[in-house]
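The values are calculated or read from the model by the stated rules, or taken from the named source; none is laboratory data. Because the structure is a prediction, the values reported are computed rather than measured. Backbone-built Cβ (ideal geometry, glycine too); neighbour counts: all protein chains shown. The area values use the complete protein model at the heavy-atom level, side chains included, leaving out ligands, DNA and RNA. Shrake-Rupley method; radii C 1.70, N 1.55, O 1.52, S 1.80 Å.
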Amino acid sequence: MKRPSIGVRLTLWYLAFFALAQLVFGVGMWVILRHNLYDLVDDDLEAQVDDLKNFLQSQPKDRSIAKIQEEVTETYAIEHSGDYLAVYAENNQPIYRSAFLEAHASALEPPDQVERPTMRSRKIDGRLFRFVLQKMDANGHVYTVQMGIPADDVVETLHLFRLYLLMFAPVLLLVAAGGGYWLSRRALAPVDALVRTARQVSGTNLNSRLQKLETGDELQRLSDTLNEMLDRIESAFLRITQFTADASHELRTPVSLIRTEAELALRRSRGEAEYKESLRHILLEAERTTALIEQLLSMARADSGRETLHLEPVDLSQTLRGVVDGWRQVATIRNLQFSASLAAPDVSVMGDETLLRRLADILLDNAFKYTSSPGSVYLSLETKGDSAVIMVQDSGAGIADEEQGKIFERFYRVDRARSREQGGAGLGLAIAQWIVTQHGGWIEVESQLGHGATFRVELPMIAAPVRNPQPA
Ligand code: ADP
């Protein structure tokens, strides 16, 4: 079942609370009113009892009960106050008993059971009465008095009060429901505005933003937060779009070179040497393309968080020694001096050995690529405090100050044509920086145009692993 909207739910809750409050108020008022009305009737009754007492007290002391009986009857039989009165002498002998109480004697406790003054409400013949039953000392006699008063007015007033309450309650509830709905609509109107604008945001207009609210409340915070989220999504989206465009562009060049080379070779018959030369070119481009695709895949995996690191204690001197050995031959072929200083003992980091090798390869590859013969490349490993410091220094072309901040960006190459010639797509340093960051370190470059470049990597060290534990 579809859940009703927040507006409707708020209205229903509001209505439920309002109805409950109305009920509590109505019942409370009814109880208070009833109590006060009974108080008024009781006051009236007490005043009449006082009158009776005064009357009995005014009887001379030596007057006989029979005479008193006569006096009481004479006074009260003609008055309405005597309509619901019964007075008994000490031996419960009736001095005066109205016809009404005579007829309904069973409605009240008999006089011999009356002790302390008590108030009683009784419904007799469909009418409500309030009675007081009490003993009364007057001029040496103890009388028992039962005196009543009709409380029809109380019943009538309470009945009317209840009627008005029941009549007005639905009207009030209706007004409350209308008011509640209006209030909730008003409070939620900005949400509707947000929903409308949010619906219009799509991949093609990620730059549009939700309506800026100035309500200074939770809804403004919500729209601001969503807009900040859109900012982040937009920049991530732009990065991906840019990456895809750059990657396609980079891939197009080697593929079209391969195609051109093949087309040229096929245009007319050639000698074996020429074909071999063409195939060598094609092979070279294919190798470059493979390397580029490797780099692209690695970046894409890093972006998607799927490039998982296999962290383990890595002995950096040993790892770098392996890397250096691989580059010695390249140095010889390129006629460059290559030296390494890896003497620092026990330099261990928690890392992924394959990625750390790759990091060193990228830095050395650049150093060899951008240094022409005669020149030198130098790699060193040192420690500084708790960090391992890897340095790759070359005596090559160097990097201008203004370029140094950009070379770590993806696809950024200082000299596009030259880099391409040397096989670079501008991804090496971006990958290197990602590797360093994943290892909790940082990378920087120091260089002067024409005076070589030095890349410095700092990685946090761990205590060296015990390599050959001695038997105890
Ligand atoms: P590429 O694959 O083109 O080498 P990188 O991301 O590794 O891409 O490097 C980016 C750019 O930084 C290079 O195109 C080059 O211009 C410059 N660069 C990197 N290393 C060096 C270096 N050792 N000496 C001079 N320039 C360098």
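General remarks:
- Residues satisfying the stated conditions in the range 444-463, i.e. surrounded by fewer than 20 Cβ atoms within 10 Å (Cβ to Cβ) and within 38 Å of the chain's Cα centre (by Cα): 460
- Residue 175 falls short on exactly one of the conditions (1) in a strand (DSSP E or B); (2) surrounded by fewer than 15 Cβ atoms within 10 Å (Cβ to Cβ); (3) among the hydrophobic types (A, V, I, L, M, F, W, C), and that condition is (1).
- Only one of 346, 352, 365, 361 that is at positive phi and in contact (Cβ under 8 Å) with a residue 24 or more places away in the chain: 346
- The residues listed here are 388, 344; of these, the one that is open to solvent by less than 60 Å² (accessible area, probe 1.4 Å), touching a Ser or Thr at 6+ places or on another chain (Cβ under 6 Å) and more than 16 Å from the ligand (Cβ to nearest atom) is 344.
- Residues that are exposed (fewer than 15 other Cβ atoms within 10 Å of the Cβ) and of a type in the set (Phe, Trp, Tyr) do occur in the range 234-241, at least one of them.
- Lone qualifier among 194, 213, 219, 206 - being open to solvent by less than 50 Å² (accessible area, probe 1.4 Å) and within 22 Å of residue 303 (Cβ to Cβ): 206
- Taking first residues from the range 256-282 that are of a type in the set (A, V, I, L, M, F, W, C) and partners that are modelled with pLDDT under 90 and assigned to a helix (DSSP H, G or I), the Cβ contacts under 7 Å between residues at least 6 apart in sequence or on separate chains come to 257/285; 258/285.
- Across the range 49-75, the number of residues qualifying as within 21 Å of residue 131 (Cα to Cα) and out of contact with any strand residue (DSSP E or B) (no Cβ under 6 Å at 6 or more places or on another chain) comes to 6.
- Cβ-Cβ contacts under 9 Å between residues 6 or more apart (or on different chains), taken from a first residue in the range 150-163 that is closer than 20 Å to residue 46 by Cβ and outside any helix (DSSP H, G or I) to a second residue that is open to solvent by less than 70 Å² (accessible area, probe 1.4 Å) and of a type in the set (A, V, I, L, M, F, W, C), are listed as 150/41; 150/128; 150/129; 151/37; 151/41; 151/128; 151/129.
- Residues in the range 368-385 that are free of Cβ contacts under 8 Å to residues at least 60 places away in the same chain and of a type in the set (D, E, K, R) were compared, and the one that is surrounded by the fewest Cβ atoms within 10 Å (Cβ to Cβ) is 382.
- Test: residue in the range 416-432 that is at pLDDT below 90 and among the acidic types (Asp, Glu): yes
- Every condition in (1) open to solvent by less than 60 Å² (accessible area, probe 1.4 Å); (2) over 22 Å from residue 130 (Cα atoms) is met by residue 98 except one, and the failing one is (2).
- Single residue of the range 117-137 satisfying the filter (of a type in the set (D, E, K, R) and touching a strand residue (DSSP E or B) at 6+ places or on another chain (Cβ under 9 Å)) that is surrounded by the most Cβ atoms within 10 Å (Cβ to Cβ): 130
- Note on the range 347-385: among residues that are in a loop (DSSP other than H, G, I, E, B) and under 48 Å from the mean Cα position of the chain (by Cα), the one that is nearest to the ligand (Cβ to nearest atom) is 352.
- Candidates 259, 328, 306, 288, filtered to the one that is in a loop (DSSP other than H, G, I, E, B) and either open to solvent by 40 Å² or more (accessible area, probe 1.4 Å) or touching a Pro at 6+ places or on another chain (Cβ under 7 Å) (or both): 306
- The range 9-27: number of residues that are in contact (Cβ under 8 Å) with a residue 40 or more places away in the chain and either open to solvent by less than 60 Å² (accessible area, probe 1.4 Å) or touching a His at 6+ places or on another chain (Cβ under 8 Å) (or both): 5
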